[in-house]
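Just below is one structure, and these are the notes that go with it.
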Amino acid sequence: MGLGLYIIGDEILSGKRQDKHFPQILALLKAREMRLDWVCYLGDDPALLTEAFAASFRRGDVALSCGGIGATPDDHTRQSAAAALGLPLELHPEARALIQQVVVDAGLGEVDSAANRQRLQMGMFPQGSDIIPNPYNRIPGFSIRQHYFVPGFPVMAWPMLEWALDGPLAHLHGLGHQAERAVIVRHAMESDLTPLMEDIERRFPGVKVFSLPSVDHPVWGRHIELGVKGGRAEVDQAFDYLRTHLPLDSWEDAPK
């Protein structure tokens, strides 16, 4: 099972809107020691959305999705999620009640007017969905099969996803925690370090080795940040091995 993020909207891909979701949701996950495994940016294309959702449903992933759940012709997320599961859309009774109450409270005319019937389309979710409460304007999102669909507006999306992370997904808190230790290797080439990296991953199953090269750092100049991440005990052992197999005076501990 992976944990993924969909960010949906033609306006993101065209540059009309700058994505704010990724850094914020990454921070929300890190605060709960949850690790993000993948991110997928998609436009408002029904075929591509359906294909992507079908793949993550099939894998059994947990997925957070921002955007495209409105009721205008350029919104396809609700319909594509239903198509990916082979399910019909149906008006969720709780969503219906919430939307109608918003209509009444806002004085938007008769509940059964054509405009207000159109607003009910925002409560049409794949059959069997649960609602995600929206503290901003009460128009809910929905969840199904560990996928959590919210609007693209950050003021709505972020508190709605926090509700999901601290409610139905609270059992995943802490499961993505990884220890990480690294050194700064000065004037190094990745090709020279690759054999050591491969050796460490063979010797310490479950540990990942990473290298982050830089050519113009103001302090270290050309260097590579070389490190290991994984469970604490395994990381400590792998890190000790890494340091003992680097040339003396070629490295220093990376700042935490």
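List of remarks:
- Ordering of 20-26, 171-177, 216-222 by packing [mean C-beta count within 10 Å, highest first]: 20-26, 171-177, 216-222
- Dipole of the chain, positive direction: furthest Cα of GLY67, HIS217, ILE184, with charges on the beta-carbon: GLY67
- Between THR244 and VAL215, the contour length at 0.36 nm per residue exceeds the alpha carbon distance by 8.0 nm.
- Summarised in one figure, the compactness ratio Rg/Rh of the chain, Cα atoms and Kirkwood Rh, is 1.11.
- Element breakdown for segment 104-256 at a 1.4 angstrom probe: carbon and sulfur atoms account for 53% of the accessible area.
- Backbone N within segment 6-25 under 12 Å of label point (7 Å from TRP38 Cα along the Cβ vector): 6
- The share of accessible area on segment 1-73 that comes from carbon and sulfur is 54 percent, using a 1.4 angstrom probe.
- In segment 97-182, the alpha-carbon atoms span a convex hull of 123 Å³ per residue.
- Stokes-Einstein translational diffusion, segment 154-229 - Kirkwood Rh over all Cα pairs, 1.002 mPa s, 20 °C, in µm²/s: 139
- Max mean-square fluctuation residue, GNM over the chain, Cα-Cα springs under 10 Å, options ARG203, ARG181, ARG119: ARG203
- Segment 186-256, Cα convex hull volume normalised per residue, Å³: 84
- Label-to-label distance for GLN121 and ASP45 is 2.3 nm, based on points extended 7 Å past Cα in the beta-carbon direction.
- Segments 95-107, 150-162, 225-237 sorted - mean Cβ within 10 Å per residue, highest first: 150-162, 225-237, 95-107
- Translational diffusion of segment 1-104, µm² s⁻¹ [Kirkwood Rh, Cα pairs; Stokes-Einstein; 37 °C; 0.692 mPa s]: 218
- For the chain, the solvent-accessible area with a 1.4 angstrom probe is 53 square angstrom per residue.
- What you get for the chain, charging only the Cβ of Lys and Arg (+1) and of Asp and Glu (-1), is a dipole of about 300 debye around the Cα centre.
- Zero-based 5 Å bins, Cα pair distances in segment 130-256, whole percents: 2, 10, 16, 14, 10, 7, 8, 10, 12, 8, 4, 1, 0
The values are calculated or read from the model by the stated rules, or taken from the named source; none is laboratory data. Being a predicted model, the structure only gives us computed values, none of them experimental. Neighbour counts run over all protein chains shown; Cβ positions are idealised from the backbone, glycine included. The protein model used for the area step is the full one, side chains on, heavy atoms only, and it has no ligands, DNA or RNA in it. Shrake-Rupley method; radii C 1.70, N 1.55, O 1.52, S 1.80 Å.
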